[in-house]
1. I need T68, T53 ordered by Cβ neighbour count within 10 Å, fewest first.
2. So how much slack lies between E58 and A6, counting 0.36 nm per residue of separation and subtracting their Cα-Cα distance, in nm?
3. When the chain is treated as a GNM, springs tying every alpha-carbon pair under 10 Å, which of A39, A95, A114 comes out with the largest mean-square fluctuation?
4. Can you give the FRET efficiency to the nearest 0.05 for M108 and E40, using r as the Cβ-Cβ distance and R₀ = 25 Å?
5. Pick from Q47, Q92, Q110: which is most flexible by mean-square fluctuation in a GNM of the chain where alpha carbon atoms under 10 Å apart are linked?
6. Whose amide H sits under 5 Å from the amide H of G96, counting only residues 5 or more places off or on another chain, with H placed in the peptide plane?
7. Computed from the coordinates I sent, Rg and Dmax of the Cα atoms in Å equals one of (1) 15.9, 49; (2) 13.6, 43; (3) 14.6, 47. Tell me the label.
8. Looking only at G17, G42, G28, which one moves most when the chain is put into a Gaussian network model with springs between Cα atoms under 10 Å?
Amino acid sequence: MRVLKALADGGAGVLMGTDSPQIFSVPGFSLHREMEAMAEAGMTPYQILVSGTQAVGEYFSRQDSFGTVAIGRRADLILLNSNPLRDIGNVQDRAGVMLRGRWLPEDMIQSRLAEIEQRFATDR
């Protein structure tokens, strides 16, 4: 944890990275645990948000198409009800998600998650 904080404060490139499918690491949900761990290490909410947005675009040399919000870039973003710069946990307080330019309100997301949960609960 101290090394992560020192790297972030020293300007080293830190990227969020637990959003890939692995056993017990569910994409999307695992990022919330990763953000919590980054906060526990002492990273600021701003540093954490940059590690999953702008820094990713820079790493993949695609900052012209994703990583920040600007005209002509991919329309993938999360609209929040609460400020994540005050508390990184506010990332979980979604109003909805814009995915490839299509708006998905939070109630639709929760409905789809409930359908998935129900489908897998009955398959056991």
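1. T68, T53
2. 16.7 nm
3. So, out of A39, A95, A114, the one fluctuating most is A114.
4. The pair M108/E40 has a calculated efficiency of 0.20.
5. Maximum fluctuation in the GNM of the chain, among the listed residues, is at Q110.
6. For G96, whose amide H was placed from the backbone, the distant partners under 5 Å are L79, E106.
7. Here the calculated entry is (1).
8. G28
Every number in this text was worked out from the coordinates using simple rules, so none of it is lab data. Note that this is a predicted model, so its numbers are computed, not measured. So basically every Cβ, Gly included, is an ideal-geometry build from the backbone, and we count neighbours across all protein chains shown.
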